[in-house]
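For reference, the structure discussed in these notes is given below.
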Amino acid sequence: MEDQAEKLREIMRKKKDSGGKPVNRPRESHGAETAGKEGKKTRILTVTSGKGGVGKTNLSVNMAIAFARMGKKVVVMDADLGLANVNVMLNVIPKYNLYHVIKKQKNVRDILVETEYGISIVAGASGFSQIANLGEEERQEFINELDTLSFADIIIIDTSAGVSGNVLDFIAVADDTVIITTPEPTAIADAYSIIKIIATEYESLNVDLKLVVNRAQGAAEAKNVADRMINVAGQFLFLKLDYLGFIYDDRAVPGAVRSQKPFMVSDPKCKASISVQHLVEKLDKNRIKEAGGIGAVFKKIFGRS
């Protein structure tokens, strides 16, 4: 089987434009925003980070809840291979996960867990990495299974931290990729590293990169971090990075994590909750109009053109 990264690079080479400057490129349909059988579109948001411990999963879960409160049907897919923890944050113990789908023991609907917070989750597992070794027929069957997620308005993919091939693949198929960092120098350096790899590995990847600064003391500190990263990405990588917003450093957050209850629920009026609400409202205003199919999305992840 041809290396999936090479196939993705080939897809991106075909999209290459020769401008050489950071621009908002017209979005070409690469299957990231999907349409179900009745034509309803599903938007895919990938949330990632350069390093662990910066609040990636917390952001994914609480954004999902904020979207759900706006009347959206939301699924959070835990794509942190080997260190899946979305269910831990929600105090949910799933009986089955993606490993059982890969092994054909269950289908996606069987493992989909509806939570008390109005969102559904697909629990991850280290066995997810075995998809690359599936045969043609098995791979197609699995893609068809994932197509059942087309009922959702939004799928939020919570990736692992860092720059593994799987992370890059999930970025490649997203309508929007949210990169989260904190004001700490190490977190900023690691976030820049993943942005650099996106820019060099997939030269003209047509994806909207959005930056969120977490644990900021205020708007000024967050904007300072964002401006530095945006300027460096534009000047040295010729890549446009949009500043989505920031989340206050809020004592309510660690307390919510310890209680395994999202802070949007435990303290909906805290600064962190209000910050996430603003991020989601901003994302909702920037809707993407294209449609494809969930199968088309995951074919790219699994190395099929």
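Computed from the coordinates by the stated procedures, all read-outs in this text should not be read as laboratory data. Computed from a predicted model, the values in this text were never measured in an experiment. We place every Cβ from the backbone using ideal geometry, glycine too, and count neighbours over all the protein chains shown.
Structure above, values below:
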{"read-out": "Charge dipole (debye, nearest 20) of the range 86-128; +1 at Cβ of Lys and Arg, -1 at Cβ of Asp and Glu", "value": "280"}
{"read-out": "Pairs from Lys223/Lys282; Lys95/Lys285; Lys196/Lys271; Lys223/Lys285 whose Cα-Cα separation, in the structure shown, is over 26 Å", "value": "Lys95/Lys285; Lys196/Lys271"}
